[in-house]
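Q: Just dropping this structure here.
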Amino acid sequence: MRNPGAGPIAVALCFLLRSDIVDGDTVDGDTAGLSVLLGRKKAGFGAGKVVGVGGKLEAGESSLQAACREVFEETGVLVRPEHLERAGRIFFDFPANPDWNMDTDLFVARRWEGEPAESDEIVPAWYRVDALPLADMWHDAGNWLPLALTGSAPQLRIVLNRDNETVAAVLPLPR
Ligand SMILES: Nc1[nH]c(=O)nc2c1ncn2[C@H]1C[C@H](O)[C@@H](COP(=O)(O)OP(=O)(O)OP(=O)(O)O)O1
């Protein structure tokens, strides 16, 4: 994937959050009536899985800039950096393949311009936050995605097993 021995890959993910509640509706719970934009990955790392929209930082880029660029490249939606909210940080730790280690900044956005459209990389779709498609995602998604989408700002190191799929441990990240 990249130069052996280099540090973790810096990644940014951005979750667009849409309120489905129309005026006058009443709902129970924090997440009822909220949907998130995820994407079915067509190629590359994690192909076939439903994943967060985002990807690797380019040289000289901040994670904020990368999140906006990746959302645009992968879905055609324009998100402005000032509309991103930090939503946590996850270190994906692949002990069997350390070259895959990723240090991932999470963002949510509640404002954007445009409608998501399919790209070469993903098929975007809206999912209810209280019914996330966890069976189609990375095994670890249930450990951090609901927390990130409900404002808990998880800061976690997710250690994968040697199968590079199942979760060996979920540890706090030093702040
Ligand atoms: N354990 C894990 N759980 C998860 O939910 N997402 C993970 C993960 N490990 C990696 N990812 C995500 C983070 C990142 O968005 C993505 C890999 O980065 P990219 O999408 O940029 O990779 P690709 O190889 O497809 O990209 P390019 O070749 O740069 O187009 O995988």
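The values are calculated or read from the model by the stated rules, or taken from the named source; none is laboratory data. Since the model is a prediction, treat every value here as computed from it, not as a measurement. With ideal geometry, Cβ positions are generated from the backbone for all residues, glycine too; neighbour counts draw on all protein chains shown. Ligands, DNA and RNA are excluded from the accessible area calculation, which covers all protein heavy atoms including side chains. Shrake-Rupley method; radii C 1.70, N 1.55, O 1.52, S 1.80 Å.
Q: Using the Cα centre of the range 5-159 as the reference point, and only Cβ charges (+1 on K/R, -1 on D/E), how large is the resulting charge dipole? Debye, rounded to the nearest 20.
A: Its charge dipole is roughly 260 debye.
Q: If you don't mind, there's one more thing I want to ask. Per residue, how much space in cubic angstrom lies within the convex hull of the C-alpha atoms of the range 1-128?
A: Dividing the Cα hull volume of the range 1-128 by its residues yields 122 Å³.
Q: By how many degrees, 0 to 90 and rounded to 10, does the Cα axis of helix 63-75 deviate from the longest principal axis of the chain?
A: 70 degrees
Q: Pick out, from ALA59, PHE15, GLY151, the residue whose Cα sits farthest towards the positive end of the charge dipole of the chain, with +1 on the Cβ of Lys and Arg and -1 on the Cβ of Asp and Glu.
A: Going by the Cα projections, it comes out as ALA59.
Q: Accessible area per residue of the range 51-140 at 1.4 Å probe, in Å²?
A: On the way: 4410 Å² over 90 residues.
On a per-residue basis, 49 Å².
Q: Quick one: which residues, 5 or more positions from ILE122 or on another chain, have an amide H under 5 Å from its amide H? H modelled 1.01 Å from N in the peptide plane, none for Pro or chain starts.
A: LYS42
Q: Rounded to the nearest percent, how much of the accessible area of the chain (1.4 Å probe, protein heavy atoms only) is carbon and sulfur?
A: 50 percent
Q: When the helices in the chain are scored as -39500 (n - 2.57) per DSSP H run of 4 or longer and the sum is shared across all residues, what 222 nm value do you end up with, to the nearest 500 deg cm²/dmol?
A: Here the helix-only value at 222 nm equals -4000 deg cm²/dmol.
Q: Let me ask another. To the nearest 20 debye, what charge dipole does the range 87-175 have about its Cα centre, counting +1 at the Cβ of each Lys and Arg and -1 at the Cβ of each Asp and Glu?
A: 560 debye
Q: Right, next: Taking 0.36 nm per intervening residue step and subtracting the Cα-Cα distance, what contour gain separates THR166 from ASN97 on full extension?
A: 23.5 nm
Q: Note the full-extension length gain between ARG175 and VAL159 as 0.36 nm times their separation in residues minus their Cα-Cα distance, in nm to one decimal.
A: This chain segment gains 4.0 nm when fully extended.
Q: What share of the DSSP beta bridges in the range 75-175 is antiparallel, in percent to the nearest 5? Show your work: numbers first, answer last.
A: Numbers: 14 of 19 bridges.
Around 75 percent antiparallel, to the nearest 5.
Q: For LEU16, enumerate residues with amide H under 5 Å from its amide H, sequence gap 5+ or separate chain, H modeled in the peptide plane.
A: For LEU16, whose amide H was placed from the backbone, the distant partners under 5 Å are LEU37, ALA109.
Q: Work out from phi, with θ = phi - 60° and the Karplus expression 6.51 cos²θ - 1.76 cosθ + 1.60, the ³J(HN,Hα) of each residue of the range 157-164, listed in order in whole Hz, and give x for Gly and Pro.
A: Here the 3J(HN,Hα) series is 9, 9, 9, 8, 6, 5, 6, 6 Hz.
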